[in-house]
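> The structure is given below, and queries will be raised subsequently.
Since every read-out is calculated from the coordinates, none of them should be taken as a lab result. The structure displayed is predicted, hence computed values, not measured ones. Ideal geometry is used to build each Cβ from the backbone, glycine not excepted, and the neighbour counts take in all protein chains shown.
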Amino acid sequence: MIKSKTGFASGFKIEGKGSGVLNIRCVDENNYSIGWYQNGEKVNSSTQTMSVPKGEETYAEYHSVPNGQYQLVLRNINCNDDTDVVKVTRTRQIPYQTNFDALVYEGCDEIIYGAGDSPMGYVWSISEVTRNGVITIVYDSIFVQPGQINQHIIEY
């Protein structure tokens, strides 16, 4: 059974003998794919495949959530000088999504990192701001709404 949060459901059974590879993919253009689970464990990464031992059965479930656009805006509102540094680390609510790459920016200008597809849900950030050798930690979050450009504005 393949299930989607949008209500799409389709049951199928694949039977056959022999060797080879069968690729199954669910596509829902209105949602962001977050993966396959087999017997309760995530199996679709670049190093894993879903498999069924010969003569046995398995259960697979597909998950997707609505997507929006995510855009990060960094504003140095208390700029000391061009040596100010901010390092931003972000993570998603969805535990099987990888963390974002850490961003490091020096200077006083506002920086906007382009909008990209993102699954609905929370994005948390930890910013490490360094001014005159003093480090300040800033915590923030945003809930990514589906079908919108969601600006995650971090002011430091």
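> So, counting K/R as plus one and D/E as minus one, what does the shell of residues with Cβ under 14 Å around GLY107 add up to? Intermediate results must be reported in sequence, preceding the final value.
Values: positive: ARG75, LYS87, ARG131; negative: ASP81, ASP82, ASP84, GLU106, ASP109, GLU110.
That works out to -3.
> Next question, about the same structure. For SER127, SER141, which order do you get if you count the other beta carbons within 10 Å of each Cβ and list the fewest first? Don't skip to the answer; put the middle values down first.
Numbers: SER127 20, SER141 12.
So the residues, fewest neighbours to most, are SER141, SER127.
> Multiplying the sequence separation of THR91 and ASN132 by 0.36 nm and subtracting their Cα-Cα distance, what value in nm do you get? Don't skip to the end; give the middle numbers.
Numbers: separation 41, 0.36 × 41 = 14.76 nm, distance 2.77 nm.
Here the segment from THR91 to ASN132 would lengthen by 12.0 nm.
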